[in-house]
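Engineer: One structure follows; several queries about it will come next.
The values are calculated or read from the model by the stated rules, or taken from the named source; none is laboratory data. As the structure is a computational prediction, the values presented were derived from the model and not from experiment. Here Cβ is always computed from backbone atoms with ideal geometry, including for glycine, and neighbour counts include all displayed protein chains.
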Amino acid sequence: MSTFSDPRIYLPGSLASIPALLGLFLATGCGPAPPPAPIQGNTMGTVYTIRVASLPAGLSLAALARDIETELERVNAAMSTYREDSEISRFNRGPADTWLRVSPELVAVVMAGQAIGEASQGAFNITVGKLVRTWGFGPAGQREAPPSPAAIQNAQSAIKASALQVRLEPPALLKELPDLEIDLSAIAKGHGVDRLATLLEAAGIDNYLVDIGGDLRTRGRRHDGTVWRIGIERPLISGRQVQQVLGMSQDAAVATSGDYRNFFEADGERYAHIVDPRTGTPVTSKLSSVSVIADDCTTADGWATALTVMGPEAGYELATSQGLAALFIRRDGETFSERMTPAFREHFAAGQIAIQTGITQ
Ligand code: ADP
Ligand code: MG
């Protein structure tokens, strides 16, 4: 744990925390040989951490770390709106009605985003790029005050998921509106996690925890045979506290979205970086977070954002009807209230049993 270098990392007692979610590691006096050191670095404006229970023979930690960096570089080269030469930036600047050849991975993520957009009835929309930029949440940097109604309206007119065409053979994207801009930031971290999970499995690693900025995916068990434990943070603006510990009794991904960390304030109003494409404005802050468990992290990440846009009532209803495992945490004054969908409660209960009984494989 002493290898953490990021100043945002907070260590309350025996709990190690990074933004939003965290893998928990309780100190034990004796037991099996220690696991390999975590692999850490920076990506997508945040910190990544990869923990493996053991390394296959012939694979060094340094070689694995290099492969991880290379894979993350590939993801960013395709999907980062913070890079002018990324595939997505070229598409955003490019002309309408012309197919642009892109990588099949980018096409897959765009398709995943479009599917969540449809299922969330437009609350999630990967064509929000111009609106996100207008509110100052993109690469251009923060604003001091909200944009004018005319600027918002102008940005909103460029949001149209149905004006984005995607094809796989050969992989390419086309926009029917010249101003349409794709923003994959709401699922890119989750996708990065999935890419690293695939990389680890291809290297013969079956027991791991991959974490990019609090979006995680686990497989198998920790080095001592116990389940991976994920700390879900309380939505606090300052300081970090664990609200809930989730035992990963099954292989799964967990992602969290919240309006409590990334926002700007003007005239007493707080503007969060998640925007509602239907109104053109950022979701209003009630100090809340949404965590979603899914098989893959792209899905978990996308839905966490989608449910944040929908809010605790409509979001809860939709998540329940879709069979999604979601946890809503709200702050009401000094107290925090939680609401789990039935699917989340099931995961949570199974995880609690696994933690309490200390089941090992
Ligand atoms: P974080 O990056 O803090 O984990 P999210 O995963 O929720 O948060 O992603 C937030 C980003 O998603 C925003 O910075 C913006 O680029 C993009 N975004 C904002 N609103 C929407 C929306 N309604 N649909 C899709 N993407 C959005
Ligand atoms: Mg997200």
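Engineer: Looking only at region 294-301, decide whether some residue is modelled with pLDDT of 95 or more and of a type in the set (A, V, I, L, M).
Structural biologist: Yes, region 294-301 has at least one match.
Engineer: Give the residue that is nearest to the chain's Cα centre (by Cα), with candidates limited to residues of region 159-179 that are crowded, with 21+ Cβ neighbours inside 10 Å and closer than 23 Å to Ala140 by Cα.
Structural biologist: Looking at the filtered set, the residue picked out is Ile159.
Engineer: Okay, next question. Inspect region 309-328 for any residue being modelled with pLDDT of 95 or more and either at positive phi or among the basic types (Lys, Arg) (or both) and give the result as yes or no.
Structural biologist: Yes: one or more hits.
Engineer: Of the residues that sit in region 323-357 and are assigned to a strand (DSSP E or B) and hydrophobic (A, V, I, L, M, F, W, C), which one is surrounded by the fewest Cβ atoms within 10 Å (Cβ to Cβ)?
Structural biologist: Here the residue is Phe336.
Engineer: Further question on the same structure: Just to be sure I understand the filter: pairs with C-beta atoms under 9 Å, separated by 6 or more residues or on different chains, first member in region 295-311 and near ligand 1 (Cβ under 6 Å from one of its atoms), second member of a type in the set (Lys, Arg). Which pairs pass?
Structural biologist: Asp301/Lys189; Val309/Arg278
Engineer: Please tell me if Ile50 is aliphatic (A, V, I, L, M), closer than 24 Å to Ile355 by Cα, in contact with a strand residue (DSSP E or B) (Cβ under 6 Å, 6 or more places away or on another chain) and modelled with pLDDT of 95 or more.
Structural biologist: When the stated conditions are applied, Ile50 passes them.
Engineer: Quick check: is even one residue across region 139-146 of a type in the set (D, E, K, R), under 21 Å from Val75 (Cα atoms), out of contact with any Ser or Thr (no Cβ under 6 Å at 6 or more places or on another chain) and within 16 Å of ligand 1 (Cβ to nearest atom)?
Structural biologist: The answer is no, given that none of the residues of region 139-146 is of a type in the set (D, E, K, R), under 21 Å from Val75 (Cα atoms), out of contact with any Ser or Thr (no Cβ under 6 Å at 6 or more places or on another chain) and within 16 Å of ligand 1 (Cβ to nearest atom).
Engineer: Here's a follow-up. Given the residues Leu22, Leu15, Leu26, Leu11, which is the only one that is crowded, with 20+ Cβ neighbours inside 10 Å, closer than 23 Å to Ile230 by Cβ, out of contact with any helix residue (DSSP H, G or I) (no Cβ under 6 Å at 6 or more places or on another chain) and modelled with pLDDT under 95?
Structural biologist: Result: Leu22 is the single residue among Leu22, Leu15, Leu26, Leu11 that is crowded, with 20+ Cβ neighbours inside 10 Å, closer than 23 Å to Ile230 by Cβ, out of contact with any helix residue (DSSP H, G or I) (no Cβ under 6 Å at 6 or more places or on another chain) and modelled with pLDDT under 95.
Engineer: Could I ask something else about it? Is there a residue being among the aliphatic types (A, V, I, L, M), in a helix (DSSP H, G or I), in contact (Cβ under 8 Å) with a residue 60 or more places away in the chain and more than 15 Å from ligand 1 (Cβ to nearest atom) anywhere in region 167-182?
Structural biologist: no
Listed here are the residues, each with its yes/no results for (1) within 16 Å of ligand 2 (Cβ to nearest atom); (2) in a helix (DSSP H, G or I); (3) modelled with pLDDT of 95 or more.
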position	(1), (2), (3)
Leu55	no, no, yes
Thr70	no, yes, yes
Ala78	no, yes, yes
Ala112	yes, yes, yes
Gly117	yes, yes, yes
Gln121	no, no, no
Asn125	yes, no, yes
Gly138	yes, no, no
Gln142	no, no, no
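Engineer: Quick check: is even one residue across region 187-204 within 15 Å of ligand 1 (Cβ to nearest atom), part of a strand (DSSP E or B) and in contact (Cβ under 8 Å) with a residue 12 or more places away in the chain?
Structural biologist: Scanning region 187-204 turns up no residue that is within 15 Å of ligand 1 (Cβ to nearest atom), part of a strand (DSSP E or B) and in contact (Cβ under 8 Å) with a residue 12 or more places away in the chain.
Engineer: Here's a follow-up. Here are the criteria: (1) among the small types (Gly, Ala, Ser); (2) in contact with a strand residue (DSSP E or B) (Cβ under 9 Å, 6 or more places away or on another chain); (3) surrounded by fewer than 17 Cβ atoms within 10 Å (Cβ to Cβ). Tell me which single one Ala151 does not satisfy.
Structural biologist: Every condition holds for Ala151 apart from (2).
Engineer: I'd like the full set of residues that are of a type in the set (A, V, I, L, M, F, W, C), in contact with a Lys or Arg (Cβ under 8 Å, 6 or more places away or on another chain), more than 18 Å from Leu177 (Cα to Cα) and away from ligand 1 (no atom under 12 Å from the Cβ), limited to region 97-138.
Structural biologist: Val107
Engineer: Scanning region 85-102 for residues that are among the polar types (S, T, N, Q) and under 14 Å from Leu164 (Cβ atoms), which turns out surrounded by the fewest Cβ atoms within 10 Å (Cβ to Cβ)?
Structural biologist: Thr98
Engineer: Go through (1) among the aromatic types (Phe, Trp, Tyr); (2) modelled with pLDDT under 95; (3) part of a strand (DSSP E or B) one by one and return the number of the condition Tyr82 breaks.
Structural biologist: Among (1) among the aromatic types (Phe, Trp, Tyr); (2) modelled with pLDDT under 95; (3) part of a strand (DSSP E or B), Tyr82 violates only (3).
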